C-alpha cells in the first residue's frame, strides 16, 4: 500500500509541477502590462499629438508604461524618442521570450516524468498502477499544452497591443499625414 501511494503521489506531483511551470509563464505574460494597452492606444490616437504623452502618463499610474511616457516626454528630440520606443519594444520582447520555452519544458517534464514513474511501478511489479500513472501524466501533459497555448496567444495579443500603444505615443515628423506609427520605418532605417 505504501509503495502504490508513493507512486501515485509522485505521478500527481510531476503533473502538478508541470502545469505550474506552464502557468508561471502565463502569469508572466498577464503581468506584463498594468493597463489595456489596445484601448489606451485607440484613445491616444484620437487626441492631438502634443497631448498624447501627457494622457498616457495620466492613464498609467504605475508600471513600465508610465516610465515609458515619462522618458518620451523628457526626450530632447525625435531620434531619442525613436530609440526609447525601440528599447521599450526590446524590453517587451525580452520579457515575453524569456519564459516562452517554459510550457514546452513542462510538457516534456510531464511526459517523461509519467514514463519514469510508470517504469518504477513496473519494476516494483505494480502493473495495476501503470494506467493510472499514465493517465495522471496525460492530464498534466494536456494541462501544460493548453496553458502554453493560451499563454502564447495572449503574448501575441500583448505584443500587438503594446506595438499599437507605442505607435500611438511616438509620432515622428516623417509620418505620413502626421500620424503615428512611422517610428517603425525609422527603426528599420536606423538598423541598416
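The values are calculated or read from the model by the stated rules, or taken from the named source; none is laboratory data. In this text the structure is predicted, and so the values were computed from the model without any measurement. Quick reminder, even Gly has a Cβ in these numbers, built from the backbone with ideal geometry, and neighbours come from all protein chains shown.
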- Note on the structure: All-but-one check, residue 2 against (1) farther than 17 Å from residue 133 by Cβ; (2) exposed (fewer than 13 other Cβ atoms within 10 Å of the Cβ); (3) without any contact (Cβ under 8 Å) to a residue 12 or more places away in the chain; (4) over 18 Å from the mean Cα position of the chain (by Cα), failing number (1)
- When residue 15 is evaluated against the numbered criteria (1) surrounded by 22 or more Cβ atoms within 10 Å (Cβ to Cβ); (2) part of a loop (DSSP other than H, G, I, E, B), which criterion, by number, is the only one it fails? (2)
- Task: Within segment 41-52, track down each residue that is at pLDDT 85 or above and touching a helix residue (DSSP H, G or I) at 6+ places or on another chain (Cβ under 7 Å).
- Result: 41, 44, 45, 47, 52
- Considering (1) at pLDDT below 85; (2) outside any helix (DSSP H, G or I); (3) over 25 Å from residue 158 (Cα atoms), say which one residue 34 fails and leave the rest. (3)
